[in-house]
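The values are calculated or read from the model by the stated rules, or taken from the named source; none is laboratory data. Just so you know, these numbers come straight off a predicted model, no measurement behind them. We place every Cβ from the backbone using ideal geometry, glycine too, and count neighbours over all the protein chains shown.
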Amino acid sequence: MLGMLLASLDQTIVSTAIRTIADDLDGYALQAWATTAYLITATLATPLYGKLSDMFGRKPFFMAAISIFVVGSLLCTLAQSMYQLAAFRAVQGAGAGGLMSLALAILGDIVSPRERARYQGYFLAVFGTSSVIGPVLGGVLAGEDTILGISGWRWVFLVNVPLGVFALAVVSRVLRLPKRPHSTDRVDWLGVLVLAVGLVPLLIVAEQGREWGWGSGRSLACYVIGALGIAGFVVVEKGLKDAALIPLRIFANRTFALGVVISFVVGAAMFGGISLLPQYLQVVRGASPTLAGLQMLPMVLGMMTGSIVSGQLISRTGRYRIFPIIGASTLTLGLFLLHFLDADTPLVLAMLFMACAGFGLGNLMQPLTLALQNALPPKDMGVSTASATFFRQIGGTLGVAVFLSILFAQLTPNISDELHTAASDPKFGQAVLAGAQSTNPADAALAKGLLAQDTSAAGEVLRDSSIVQQLSPELARPFQVGFADSMSAVFLAVTGLALVALVLVLFWKEVPLRSVGGIQAANAKAESAVEVEARVVEQTGLPLPGGAVVEPPLDQSARPEGARRGVDGPDS
């Protein structure tokens, strides 16, 4: 729970403060680099943590993930440019890749899938609390110029340090998991390298394609390198079989394979669409970072409600298929309604739309993780959990990059169009003349530029969006409308993606939930093997060659009562 708190708090606290951070470091248009760098390393590290924890045990890698995350957070407080921040966020992401996935894998080891839906309520409380505290805390910290002589936004990362140290101490002392025998499998470092070669160019072109040109030489080079890297990754994984970073055999399970695709699509829709809401609230509606965090509460409450209801009902009934359907339907509806937001939309209506989308996510995310863990055998708990998180992160990384590219590609022309349209409005003309004489530097600079028929101020929003809030309401209006129109196009695209997820969920088959956790299943299997071996030795009088367990045909009536009952069935 402490590990999940670190991961979820970091995501929510940064999402509200990123605009202020980017403006202070003169790189509003570069903010995607900070987000994308974090997601790239988190994505690449996630399957590695899962595989290593299956091989050597969860606890050491969980503690390593916390330690790396704390170091990365400390480095982020020292950033002097957006490029430095992106590099340090990459370090932070390398730790974050193990926090969420290993927390869920540890829960899967301890608790059965059916009961896990109920226990996830505790994790939900942590996630929900951080979702409420994070945006508000991020807004409060980012809204302060300095705190104890340190820039306010730097505390957004600094707060992770004491919390991470506390989590490390608690995990070290009280997390008790059985030791795993030392694995003889080799670590798939080649797979990690080839996967990086495949993913990084594709993520870079998704971010830079709008500036380079989607058909430019650099973009084409990224496409080719990325495709070759992914093809090479498949070849490497196929050759390594069970020792692979992501064993390809797990995709032979149709339920798991389709669930992974759904995770990918949902990740793109969630990260790409919902993460833009704080910017709508701040740039268009003029909310401070703190107020924007509070205004996001309906979405958080919707998510918590959906997760609690679905978790309790799954625990009682053992059935889960209906909840992803409800979740995908409600998420699609909520995103479509968000597409209608404009500069004049009443705030209460925007909050209702957010609550609808949040309720959909709550019904979708928890049952999805539960189903993917349940689809594979307990011995693959780390791989299944990490793979689900991995593909959701890939979707989220691409979603953030692509949808921010769509937003920025439309922002400048939309604002320019609004400025041209406003020029024919006498009231706007009077505001421009008044602005030229204003003592407000932002009004004066914009008014003089417009009087000289220079609309380059539209592009300035990409560098420093705080310009909009510094302008008088009359002069800010074209910028707010242009931004809202651009956001509307993004939400419409995200709605289409959520609709794809809904169609996929309709074809997803339900697998009955297991009644034991991963550790209990492993122990039961071991006990069953010992029981069978003892019986064979007793009846044949011969030792088993090489310690192998071989069960000859025996009359059921001759078996001990415990053996007839079995653990996994009559022939266990």
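Just a few scattered comments:
- Here W153 clears all of (1) at pLDDT below 85; (2) closer than 19 Å to K238 by Cα; (3) in a helix (DSSP H, G or I) except the condition numbered (2).
- Single condition A34 does not satisfy, out of (1) surrounded by 24 or more Cβ atoms within 10 Å (Cβ to Cβ); (2) farther than 12 Å from N160 by Cβ; (3) touching a residue at least 60 places away in the same chain (Cβ under 8 Å): (3)
- Failed item in (1) buried (at least 17 other Cβ atoms within 10 Å of the Cβ); (2) outside the structural domain of S53 (by TED's automatic domain parsing), with V266 passing the rest: (2)
- Selection status of L281, in contact with a Phe, Trp or Tyr (Cβ under 6 Å, 6 or more places away or on another chain), of a type in the set (A, V, I, L, M, F, W, C) and in a helix (DSSP H, G or I): no
- Checking A287 against (1) farther than 30 Å from G334 by Cβ; (2) not in a helix (DSSP H, G or I), the condition it does not meet: (1)
- Index of the failed condition, L202 passing every other in (1) farther than 24 Å from M381 by Cβ; (2) without any contact (Cβ under 8 Å) to a residue 40 or more places away in the chain; (3) of a type in the set (A, V, I, L, M, F, W, C): (2)
- Enumeration of residues in segment 203-216 that are under 17 Å from T41 (Cα atoms) and modelled with pLDDT under 75: L203, A206, E207
Here is a yes/no grid of residues against (1) in contact with a helix residue (DSSP H, G or I) (Cβ under 9 Å, 6 or more places away or on another chain); (2) at pLDDT below 80; (3) surrounded by 19 or more Cβ atoms within 10 Å (Cβ to Cβ); (4) not assigned by TED's automatic domain parsing to the domain that holds L347:
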| site | (1), (2), (3), (4) |
| --- | --- |
| N440 | yes, yes, no, yes |
| L451 | yes, yes, no, yes |
| S466 | yes, yes, no, yes |
| L471 | yes, yes, yes, yes |
| E474 | yes, no, no, yes |
| P478 | yes, no, yes, yes |
| V481 | yes, no, yes, yes |
| L492 | yes, no, no, no |
| T495 | yes, no, yes, no |
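- Check on D342, outside any helix (DSSP H, G or I) and in contact (Cβ under 8 Å) with a residue 40 or more places away in the chain: yes
- All positions within segment 37-90 that are surrounded by fewer than 23 Cβ atoms within 10 Å (Cβ to Cβ) and among the basic types (K, R): K59
- Filtering segment 395-429 to residues that are touching a Phe, Trp or Tyr at 6+ places or on another chain (Cβ under 6 Å) and either among the small types (G, A, S) or within 18 Å of P201 (Cβ to Cβ) (or both) leaves G395, G396, G399, V400, A422.
- Segment 306-318, subset surrounded by fewer than 24 Cβ atoms within 10 Å (Cβ to Cβ) and modelled with pLDDT of 85 or more, residue nearest to V126 (Cα to Cα): V309
- Residues in segment 178-202 that are modelled with pLDDT under 80 and aliphatic (A, V, I, L, M): V187 alone.
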